[in-house]
Each structure stands twice: as C-alpha cells, then as structure tokens.
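Structure, as structure tokens:
The values are calculated or read from the model by the stated rules, or taken from the named source; none is laboratory data. Given the structure is predicted, the values throughout are model-derived calculations rather than measurements. Cβ coordinates were reconstructed from backbone atoms using ideal geometry, including for glycine residues, and neighbour counts include every protein chain displayed. Protein only, heavy atoms only, side chains kept; ligands, DNA and RNA dropped before computing areas. Shrake-Rupley method; radii C 1.70, N 1.55, O 1.52, S 1.80 Å.
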Amino acid sequence: MDHDEILRWLRETDPGRIEELWAHADRVRRDMVGDEVHLRGLIEISNHCVQQCGYCGLHRHNKKVQRYRMSREEIIGCIRQAVAFGYGTVVMQSGEDYGITTEWMADIIRWTKANTPLAVTLSFGERPDDDLKRWREAGADRYLLRFETSDPVLYAHIHPPLPNRTSDRFALLRLLRELGYETGSGVMIGIPGQTYDTLANDICAFREMDLDMIGVGPYLSHPDTFLGIPGGGYPRIDPAEQVPNAEDMVYRVVALTRLVCPEANIPSTTALATINKDSGREQGLARGANVIMPNLTPQTYRALYEIYPAKACIDEAAGHCADCVQHRIRSIGRQVGRGPGFRVTHSP
C-alpha cells in the first residue's frame, strides 16, 4: 500500500468500501497478532511540563493547573495493582518534567524489574540521550514518543520550540531503537492545518520507521491553549483538505496502520473512548487494534492530568477500570492477553 492508495482510503466516501477496509484490517490483525488484547496499566506520575504545546492542558504557561508529582511509594503501589489485576505492562507517563530525575526513575525501574514480571514502558517526552540510555540500562523495555505530525511546519506551530533547543522527535526515535527499546510513536488526527496528504505521509512514516507500537487518536484541544481558542492561531488551508477529528477518521487510520505495520501493537486509545464512551474502544479493537491501557493513576491525581477535557473514565477507580475493560474485551469475542505482549517478532 503506497502513499496514493492510503490517500484514496482516507478520502473514501462509499460506506460499503469502508466496511471492506474494517474487515480487511481485522483479518490482518487476527492473522498477525491474534485475538489477545494486551493490557498496559497507565500511571500518570506527574503533570509538570516544561513544554508549551499548543493543544495540551499541561503546557508550562497554564496557571490554572494544580501541579502534582507522585511519590516513589505511590508509584510502587500502582505497580503492585498492575500485577494484581493481571496486566502485562506498566506504562509510566508524565509531562516533560525534570523534577523526575534520572536516578530516581532508574531506581523505580530496577525495583519493578526485580520484583514483578511486568514490562516497563516510559513516556516522558524529549529527555536527554543520557537519561534514555540509563533508563534502558535499568531495565525499561519500551519508550513512547509521538511525533504527532510529519509536517515540519505544522509541527513547529503546535509545538513552539523552547529557547536554545531544537526538537527532532524522529532522531530521538532512531536513538531509542539503537538503545534497544521497543519504540512507540503516533499522531493526532484532525489537527487544524493537517491535510489528507500530510496524514498519508504520517502513515507511511510508521512503516518506514518499523515502529513496534503505534498510537493514533483524535485531535482534542484543551480550552486553556492557544489552539483551543475558537478560530485562533492555526494555519489556514483549503477546508476541503482539512482532516476532520472525527471518530470515523480515527478508525480509518487505525485500520490503515494495521495494514502497513501488521506486526505492531496498536492501542484502542482513551481518546477514542472519550469521543465514544459507549463503544469507542470496542470499535477500535474491531478495526485493527490489539491493546488497551486502563488507568491506574490514583483518583486524587487523575482529574489533574488533563491533557484534554472530559477524558473517559476520569472518575472510575482502578479496580473498576480493570473489571470494565476485561468485560468489554470478552463481549466482542476477544481474550485478555497474558504476559508482557512484546511485538510478535521480538526476541528477548
């Protein structure tokens, strides 16, 4: 599937053809990664961030945010919950927070690997090369860093650069692969100024980078950002070329991602569950996805990690999330995965 074929699918309007795409992606998913849905327990350990991204509610200039940073003991308590719930992976995520020091996090990683069977995934933004190296040496298995868009002009607009610093997420993704991480990335769908051609390029980039994990979700802007202001601050393009941040378009990208990266782990994201609380996760799973990330963040902090508003499951206890997710998986005839759920070609 080349760029032009991907582009045609993104523009397809025939409902029957689109149903064929869903079915094809589901067959490839079944053949390549099976019917297991792997569960990754998410811990949002800090909402501090030095970045100033134009869509994210955690950006450094947002004075309305009540900032927090979880303690080592709180994080370990969540890791123990992941084991108790039968999850195969724990995902520690934060804003780009340098209050999370290199050795402090390395100690938590070493504890997790020594005391649990869990895989460790990190998602801490654009950290220095030495941090990434030391966390890998401590035992971290995966790192998630979404490039959000392959269009450099659009990227620079939604990610205003920090003083005296260049952002090159593609270079960081290459470094992560060299360090031995399973490497994950992804994009937002429907960013103001995003064209169908750009989105097709994004999907081609997934294949070119041979990513192990790929997360795609709708663009959901926080109101306390410059992109969240109606009519404010984003590139103007031909309205016919603007990708919508619609549920249907997210499913298309999930399906196309499965077809171009058939071995990858692809989550049905919380953002999908946010725009369709009734069946967003299930429909994502039926159209190519094979991972869900239930939230383990303590309720004390969960509402404070507001990248975008009205996030799904914000008020649900971790135990309820665990039960709900497993019920949803079984309701569509799939089974809960066991173990860390590395990419199918992974050789530990």
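Hey, any hits in segment 217-232 for a residue that's part of a loop (DSSP other than H, G, I, E, B), out of contact with any Pro (no Cβ under 9 Å at 6 or more places or on another chain) and among the hydroxyl-bearing types (Ser, Thr, Tyr)?
Checking segment 217-232: at least one residue is part of a loop (DSSP other than H, G, I, E, B), out of contact with any Pro (no Cβ under 9 Å at 6 or more places or on another chain) and among the hydroxyl-bearing types (Ser, Thr, Tyr).
Can you tell me how many residues within segment 314-336 are crowded, with 16+ Cβ neighbours inside 10 Å and either within 20 Å of residue 80 (Cβ to Cβ) or hydroxyl-bearing (Ser, Thr, Tyr) (or both)?
The qualifying residues number 7.
Scan segment 126-149 residue by residue and report those that are among the small types (Gly, Ala, Ser), surrounded by fewer than 21 Cβ atoms within 10 Å (Cβ to Cβ) and closer than 24 Å to residue 291 by Cα. Steps first, please.
Here is the first cut: in segment 126-149, the residues among the small types (Gly, Ala, Ser) are 138-140.
Narrowing further to those that are surrounded by fewer than 21 Cβ atoms within 10 Å (Cβ to Cβ): 138-139.
Answer for segment 126-149, where residues must be among the small types (Gly, Ala, Ser), surrounded by fewer than 21 Cβ atoms within 10 Å (Cβ to Cβ) and closer than 24 Å to residue 291 by Cα: just 139.
Filter segment 28-41 down to residues that are buried (at least 18 other Cβ atoms within 10 Å of the Cβ) and not hydrophobic (A, V, I, L, M, F, W, C) and give me whichever is nearest to residue 202 (Cα to Cα).
Going through the qualifying residues, I end up with 29.
Give the residue that is modelled with the highest pLDDT, with candidates limited to residues of segment 195-223 that are farther than 30 Å from residue 341 by Cβ and open to solvent by 50 Å² or more (accessible area, probe 1.4 Å).
Applying the filter and picking the extreme gives 197.
Hey, among the residues in segment 245-282 that are among the β-branched types (Val, Ile, Thr) and not in a helix (DSSP H, G or I), which one's most open to solvent (accessible area, probe 1.4 Å)?
So, considering only residues that are among the β-branched types (Val, Ile, Thr) and not in a helix (DSSP H, G or I), the one most open to solvent (accessible area, probe 1.4 Å) is 269.
Just give me the residues in segment 2-27 being closer than 21 Å to residue 267 by Cβ, in contact (Cβ under 8 Å) with a residue 24 or more places away in the chain and open to solvent by 40 Å² or more (accessible area, probe 1.4 Å), in sequence order.
Listed by number, the list holds a single entry, 24.
Any idea which residue in segment 233-243 is most open to solvent (accessible area, probe 1.4 Å), counting only those that are in a loop (DSSP other than H, G, I, E, B) and at pLDDT 85 or above?
238
When you go through (1) open to solvent by less than 30 Å² (accessible area, probe 1.4 Å); (2) touching a strand residue (DSSP E or B) at 6+ places or on another chain (Cβ under 8 Å); (3) under 24 Å from residue 60 (Cα atoms) one by one for residue 285, which number turns out not to apply?
(3)
Just for strands (runs of 3 or more DSSP E) wholly inside segment 29-139: which have at least 3 residues that are in contact (Cβ under 8 Å) with a residue 40 or more places away in the chain and within 28 Å of residue 160 (Cα to Cα)? If you could, list the steps in order and put the result at the bottom.
Details: elements: 36-46, 89-94, 119-123.
Counting at least 3 such residues, we get 36-46, 89-94.
Has segment 158-175 got at least one residue that is modelled with pLDDT of 95 or more, under 25 Å from residue 245 (Cα atoms), surrounded by fewer than 21 Cβ atoms within 10 Å (Cβ to Cβ) and of a type outside the set (D, E, K, R)?
There is at least one residue in segment 158-175 that is modelled with pLDDT of 95 or more, under 25 Å from residue 245 (Cα atoms), surrounded by fewer than 21 Cβ atoms within 10 Å (Cβ to Cβ) and of a type outside the set (D, E, K, R).
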